[in-house]
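The values are calculated or read from the model by the stated rules, or taken from the named source; none is laboratory data. Model, not experiment: these values are computed from the prediction. Using ideal geometry, Cβ is built from the backbone for each residue, glycine included, and neighbour counts are taken over all protein chains shown.
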Amino acid sequence: EDKVVQSPLSLVVHEGDTVTLNCSYEVTNFRSLLWYKQEKKAPTFLFMLTSSGIEKKSGRLSSILDKKELFSILNITATQTGDSAVYLCAGSTGANNLFFGTGTRLTVIP
Amino acid sequence: DAGVIQSPRHEVTEMGQEVTLRCKPISGHDYLFWYRQTMMRGLELLIYFNNNVPIDDSGMPEDRFSAKMPNASFSTLKIQPSEPRDSAVYFCASSFGGSPLHFGNGTRLTVT
């Protein structure tokens, strides 16, 4: 059965801290790994990773995929209160389907 | 670009009633997905369409759930009869080819 597991389930940090969110996956016909940020409403897209070892960056956020060990990490440096959200990881199959983890809830305290 | 549009935003209904959720995907997108989100199970795929044709409905919980996509700009998810355990946030998402999914703001369904 396809599954995506995220850890930790929740995390509370202070502004300025650096955080690392983890995602492990077992997805049949794996094509790519995606990260989304969900605040109050719709998940919004952050990164799509298809190749091992190539870091993707967007401002203070970065992510990397390890296809041998079947995991990905999302790093956020110099966290801000606006980073508070649920971060979702999803594995994509060749059938254009996404299997989501249950998310990591990040709370950044001023 | 208006994004994926879902209606209604909130729906409160009594057990046994029919519920219809609506979705307008982003123009030009050829894939449409219906997801359900709960605290316990996270985001679960219910069904997805490609070019208006249902491709995989294995996530639809029971025969009480049905989905249609009569044209490229509209889809419905119907629950009949509804039950309290159907209470969740239902998201519609669309994409073009292998691009990342774009989600609507969801419909929060409460069945009492």
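Okay, here's what the table says:
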read-out	value
Test set (1) in contact with a Cys (Cβ under 9 Å, 6 or more places away or on another chain); (2) free of Cβ contacts under 8 Å to residues at least 40 places away in the same chain; (3) not acidic (D, E) - B:C92 fails condition number	(2)
Extreme residue, farthest from the other protein chains (Cβ to nearest Cβ), among residues of the stretch A:41-52 that are in a strand (DSSP E or B) and closer than 22 Å to A:S24 by Cβ	A:L49
Which listed residue, of A:E15, A:E55, is of a type outside the set (F, W, Y), touching a residue at least 40 places away in the same chain (Cβ under 8 Å), away from every other protein chain (no Cβ under 13 Å) and surrounded by fewer than 14 Cβ atoms within 10 Å (Cβ to Cβ)	A:E15
Criterion (of a type outside the set (A, V, I, L, M, F, W, C) and touching a Cys at 6+ places or on another chain (Cβ under 9 Å)) met by exactly one of A:G82, A:G16, A:G53, A:G91	A:G91
Residue in the stretch A:62-73 that is within 30 Å of B:I5 (Cβ to Cβ), surrounded by 13 or more Cβ atoms within 10 Å (Cβ to Cβ) and of a type in the set (A, V, I, L, M) present	no
Of residues in the stretch A:96-110 being within 18 Å of A:Y25 (Cα to Cα) and surrounded by fewer than 21 Cβ atoms within 10 Å (Cβ to Cβ), the one modelled with the lowest pLDDT	A:N96
All positions within the stretch B:12-41 that are over 17 Å from B:P61 (Cα atoms) and of a type in the set (D, E)	B:E14, B:D30
Members of the stretch A:57-67 found to be part of a strand (DSSP E or B) and either at pLDDT below 95 or touching a Lys or Arg at 6+ places or on another chain (Cβ under 7 Å) (or both), listed by number	A:S62, A:S63
Only listed residue being out of contact with any strand residue (DSSP E or B) (no Cβ under 9 Å at 6 or more places or on another chain) and over 14 Å from B:G106 (Cα atoms), chosen from B:M40, B:M15	B:M40
Flag if A:P8 is surrounded by fewer than 18 Cβ atoms within 10 Å (Cβ to Cβ), under 20 Å from B:M39 (Cα atoms) and not hydroxyl-bearing (S, T, Y)	yes
Flag if A:L34 is within 14 Å of another protein chain (Cβ to nearest Cβ) and farther than 25 Å from B:G104 by Cβ	no
Output for the stretch B:1-28, where each listed residue is touching a Gly at 6+ places or on another chain (Cβ under 9 Å) and closer than 15 Å to B:A72 by Cβ	B:V4, B:I5, B:C23, B:K24, B:P25, B:I26
Residue match in the stretch A:29-40 (condition: assigned to a loop (DSSP other than H, G, I, E, B), charged (D, E, K, R), closer than 27 Å to B:F91 by Cα and out of contact with any Leu (no Cβ under 6 Å at 6 or more places or on another chain))	yes
Qualifying residues in the stretch A:80-95 (those that are polar (S, T, N, Q) and modelled with pLDDT under 95) - the one farthest from A:L11 (Cα to Cα)	A:T93
Residue that is farthest from the other protein chains (Cβ to nearest Cβ) [pool: residues in the stretch A:74-110 that are under 13 Å from A:T18 (Cα atoms) and of a type in the set (A, V, I, L, M, F, W, C)]	A:A78
